[in-house]
């Protein structure tokens with residue numbers, strides 16, 4: 001919760017591999033600047049750093065007005 005509060009102070013979205021905790025936080029705290037979940041390892045295919053950078057570009061293009069209140073699964077933007 002501290003990280004989410006810190007990010008909110010500067011209107012920053014959070015990118016995290018900690019999907020289980022942040023799904024719960026997103027539900028409990030609908031007012032946030034965006035939570036971007038990256039599934040990896042046992043949960044989904046491994047994602048490389050260059051793939052994350054490209055996917056973030058795809059997220060930005062798909063959400064030109066920002067991610068306020070949105071919870072995004074980055075893996076869906078890998079294509």
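The values are calculated or read from the model by the stated rules, or taken from the named source; none is laboratory data. Being a predicted model, the structure only gives us computed values, none of them experimental. Note that we place each Cβ from the backbone using ideal geometry, even for glycine, and neighbour counts take in every protein chain shown.
Can you tell me which residue within segment 29-53, out of those that are loosely packed, with under 13 Cβ neighbours inside 10 Å and modelled with pLDDT of 90 or more, is farthest from residue 13 (Cα to Cα)?
The qualifying residue farthest from residue 13 (Cα to Cα) is 50.
Identify the residue in segment 1-22 that is out of contact with any strand residue (DSSP E or B) (no Cβ under 7 Å at 6 or more places or on another chain) and touching a residue at least 24 places away in the same chain (Cβ under 8 Å) and, among all such residues, is surrounded by the fewest Cβ atoms within 10 Å (Cβ to Cβ).
My answer is 1.
Run residue 66 past the list (1) under 14 Å from the mean Cα position of the chain (by Cα); (2) surrounded by fewer than 11 Cβ atoms within 10 Å (Cβ to Cβ) and report the number of the one that doesn't hold.
In the conditions (1) under 14 Å from the mean Cα position of the chain (by Cα); (2) surrounded by fewer than 11 Cβ atoms within 10 Å (Cβ to Cβ), residue 66 misses (2) alone.
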